[in-house]
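The values are calculated or read from the model by the stated rules, or taken from the named source; none is laboratory data. Please read all numbers here as calculations on a predicted model, not as lab measurements. Quick reminder, even Gly has a Cβ in these numbers, built from the backbone with ideal geometry, and neighbours come from all protein chains shown.
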Amino acid sequence: MARKKSRMQWFRVDLHLHTPASADYQEPHISYLDMLRKAEFRGLDIIAFTDHNTVSGYAAMMREIEQLTFLEQMGRAQPDELRTLQEYRRLLDKVLVLPGFEFTATFGFHILGIFSPQTPLRQVEHLLLSLNVPPAVLDEGNSEVGASSDVLTAYNMINGAGGICIAAHANSAHGVAMRGFDFGGQTKIAYTQDRNLHALEVTDLERKGRMSTERFFNGTKSAYPRRMRCIQGSDAHRINAVTDKGGKYTHQGIGDRVTEVLLAERSFESLLEMFQGADFSRSRPYTAAKNPYDYIQVAREEGETLVQSFHEQMTRHGGRLYAIIADVCAFANTNGGTVYVGLSSSTKKNPIGIEKPAESVEQLQSEIARMISPTLDVEVDVQETGGKPIIRIQVPSGDERPYAIDDNKIYVRDEADTSLAVRDEIVSLVKHGLENSSDVETETPTPPALPESPTAVVADSEPPGIAPPTAGVEIIGSEQRGDTRYYIMRDLRNGNIVKNVTRSSARRLWGYAIKQHAGNPVKADKVEWRGEIGLWSRYERGGTIRYDLVQKDNGKIRVYYGVTDSGMQGPWQAFLAPEDDD
């Protein structure tokens, strides 16, 4: 259903504020009234007190208000006390203050738990005790807690208690996705993809380049298929910021990193609903610039990817409408994604827009429901960019794969392309659907066995040492049958193995790989080596830079064709093209 924008409003939030209840607070003599005044001055609508392993800061403010209210009711309040109470009421009518905490999990990872003002504070304290926070720390507000609960337990308990669960400063110190600290790839995946986690708080939200945290968790990485909402918060341990001689922040103040959220009302319930939803356009970094943050323009700058596509028109003539439906089907069979209609991916072209958006939304909803089976729940709405209305189709990663058009046409997304699935991909989709079915018990599937042929040349499944890239394709075998050579392809994104690929049947990337494999074989002395891995070539296709990469494997050289930025992690990032300045 299309969202009625008239009911929604942008609110500014800072959900990571410390108070004097934190042992490391830098201005211990300020009052809670001072903090609220600063929040009002910075134009904040919602804030959260998230002291280290305690809710005593929020509790202290509420006790002060309750005491002043009691004195007022008894007729014993002094004039200055009445003025303080009146100021509290005025500010709390403008700024919603939420109780919360910053929990220190095992290995020192920090997690925010934020709750409704209606949640009894005793219940929040009991939650902290259940997470093995020592009782003394509940009074001290110390970030060091000893042997507390693990990250995943904390996510589960915060979400189960009705709270908003956010990984604090995820990309920096004490963050679950911080760089330069190797705590195991599978652990990092679990800590950032868990379904009980609502968002990642990051410190580089306004950065647009491919190395930004938000870009990393946008759903294009094979190991990180769940797109994560990224927000920013000040993590303020003082009211006003401190800068060095160059003007760079050394300590953030209240409201120095703000996120805007699109809500139906200024309430915890509406905020929780936003975090639980999959509309990522409902949160954005707040900027005081005259031009508001345009997330669609940002998407266009990124271009066609595994999780987003663009169509200028949706006419039946020329197959344009069918192409949109095919993308919807492909996204449902892959990682989910967003289809934009009414503009191209090229930022050099002005958006065309949709002439009759309401009618077009109804048409798309009707066609998707009629053509795709099983039933797929998508959200179709109207957005605006460049002064033009465009249509956005948000597609989930489906649980009942494979999804098909007209019952027999099954599409998948291969990086920036939508293609008909081949036999081996359909087998994988069916297995995925069975795994997610609550009615069918299945064992964990294993990759299809490679053909045993005396003439086939097949690479080992995994090279030693550095893991392969997580995008692109690898030719792992070939076999001559009569006048035709058949190739065995490995999709590096998901590990799917597709057999019996010929030059004539190959998709665009597969065809490129076969052409290069046959006509431009790798010459070891021409490779840009960095230890056991190397760069063979770098090229651009459809506005996207791609890489042909190589890796030594027991005396052989494996070649990974058409790798995109999203697939280059760890040591492979050394071969990335220089990034343009933002």
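Checking Ala369 against (1) outside any loop (DSSP other than H, G, I, E, B); (2) at pLDDT below 95; (3) of a type in the set (A, V, I, L, M, F, W, C), which single condition isn't satisfied?
Of the numbered conditions (1) outside any loop (DSSP other than H, G, I, E, B); (2) at pLDDT below 95; (3) of a type in the set (A, V, I, L, M, F, W, C), the odd one out for Ala369 is (2).
Table: residues versus (1) farther than 22 Å from Val124 by Cβ; (2) touching a residue at least 12 places away in the same chain (Cβ under 8 Å).
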{"residue": "Val13", "(1), (2)": "no, yes"}
{"residue": "Glu64", "(1), (2)": "no, yes"}
{"residue": "Pro79", "(1), (2)": "yes, no"}
{"residue": "Leu85", "(1), (2)": "yes, yes"}
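Would you pick out the residues in the range 216-252 that are over 30 Å from Arg282 (Cβ atoms) and of a type in the set (A, V, I, L, M)?
Val242
How do the helices (runs of 4 or more DSSP H) wholly within the range 67-168 filter down when requiring 3 or more residues that are out of contact with any Lys or Arg (no Cβ under 9 Å at 6 or more places or on another chain), within 24 Å of Arg195 (Cα to Cα) and assigned by TED's automatic domain parsing to the domain that holds Tyr191: which remain? First the steps, then the outcome.
On the way: elements: 79-94, 121-130, 135-140, 151-160.
Once the helices (runs of 4 or more DSSP H) in the range 67-168 are filtered for at least 3 residues that are out of contact with any Lys or Arg (no Cβ under 9 Å at 6 or more places or on another chain), within 24 Å of Arg195 (Cα to Cα) and assigned by TED's automatic domain parsing to the domain that holds Tyr191, what remains is 121-130, 151-160.
What tally of residues in the range 179-234 results from selecting those that are at positive phi and either free of Cβ contacts under 8 Å to residues at least 60 places away in the same chain or acidic (Asp, Glu) (or both)? Steps first, answer last, please.
The first filter runs over the range 179-234 and keeps only residues at positive phi, leaving 180, 184, 219.
Retained after the next criterion (residues that are either free of Cβ contacts under 8 Å to residues at least 60 places away in the same chain or acidic (Asp, Glu) (or both)): 180, 184.
Number of matching residues: 2.
Quick one: how many residues across the range 319-340 are more than 21 Å from Glu425 (Cα to Cα) and touching a helix residue (DSSP H, G or I) at 6+ places or on another chain (Cβ under 6 Å)?
Qualifying residue count, the range 319-340: 1.
Does Leu82 meet the test of being of a type in the set (A, V, I, L, M), touching an Asp or Glu at 6+ places or on another chain (Cβ under 6 Å) and at pLDDT 95 or above?
On the way: of a type in the set (A, V, I, L, M): yes; touching an Asp or Glu at 6+ places or on another chain (Cβ under 6 Å): no; at pLDDT 95 or above: yes.
So Leu82 does not fit the description; no.
For (1) in contact with a helix residue (DSSP H, G or I) (Cβ under 8 Å, 6 or more places away or on another chain); (2) of a type in the set (D, E, K, R), each residue gets a yes or a no:
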| residue | (1), (2) |
| --- | --- |
| Ser222 | yes, no |
| Arg227 | yes, yes |
| His237 | no, no |
| Gly246 | no, no |
| Leu271 | no, no |
| Met274 | yes, no |
| Ala278 | no, no |
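In this structure, is Lys556 out of contact with any Phe, Trp or Tyr (no Cβ under 8 Å at 6 or more places or on another chain) and charged (D, E, K, R)?
yes
When you scan the range 532-582 for strands (runs of 3 or more DSSP E) that lie fully inside it, which ones turn up with 1 or more residues that are at pLDDT below 90?
Answer list for the range 532-582: 533-541, 544-553.
Condition first: surrounded by 20 or more Cβ atoms within 10 Å (Cβ to Cβ) and part of a strand (DSSP E or B). Now tell me which residues in the range 12-63 satisfy that.
Val13, Asp14, Leu15, His16, Leu17, Ile46, Ile47, Ala48, Phe49, Thr50, Asp51, His52
Which of the numbered conditions does Gln186 fail, given that it passes all the others? Conditions: (1) part of a helix (DSSP H, G or I); (2) crowded, with 16+ Cβ neighbours inside 10 Å; (3) among the polar types (S, T, N, Q).
Going through (1) part of a helix (DSSP H, G or I); (2) crowded, with 16+ Cβ neighbours inside 10 Å; (3) among the polar types (S, T, N, Q) one by one, Gln186 breaks only (2).
For the range 21-40, name all the residues that are under 22 Å from Lys94 (Cα atoms) and either without any contact (Cβ under 8 Å) to a residue 40 or more places away in the chain or not hydrophobic (A, V, I, L, M, F, W, C) (or both).
Correct list: Ser31, Tyr32, Asp34, Arg37, Lys38, Glu40.
So in the range 123-141, with the set limited to residues that are more than 32 Å from the chain's Cα centre (by Cα) and over 12 Å from Phe101 (Cβ atoms), which one is surrounded by the most Cβ atoms within 10 Å (Cβ to Cβ)?
My answer is Glu140.
Scan the range 521-544 and give yes if some residue there is within 31 Å of the chain's Cα centre (by Cα), among the polar types (S, T, N, Q) and surrounded by 20 or more Cβ atoms within 10 Å (Cβ to Cβ), otherwise no.
No: zero hits.
Quick one: which of Tyr561, Tyr512 is over 25 Å from Arg227 (Cβ atoms), crowded, with 16+ Cβ neighbours inside 10 Å, out of contact with any helix residue (DSSP H, G or I) (no Cβ under 7 Å at 6 or more places or on another chain) and not hydrophobic (A, V, I, L, M, F, W, C)? Before the answer, list the steps.
Numbers: Tyr561 fails: out of contact with any helix residue (DSSP H, G or I) (no Cβ under 7 Å at 6 or more places or on another chain).
The unique qualifying residue is Tyr512.
Anything in the range 545-558 that is touching a residue at least 60 places away in the same chain (Cβ under 8 Å) and surrounded by fewer than 18 Cβ atoms within 10 Å (Cβ to Cβ)? List them, or say none.
Asp553, Asn554, Lys556
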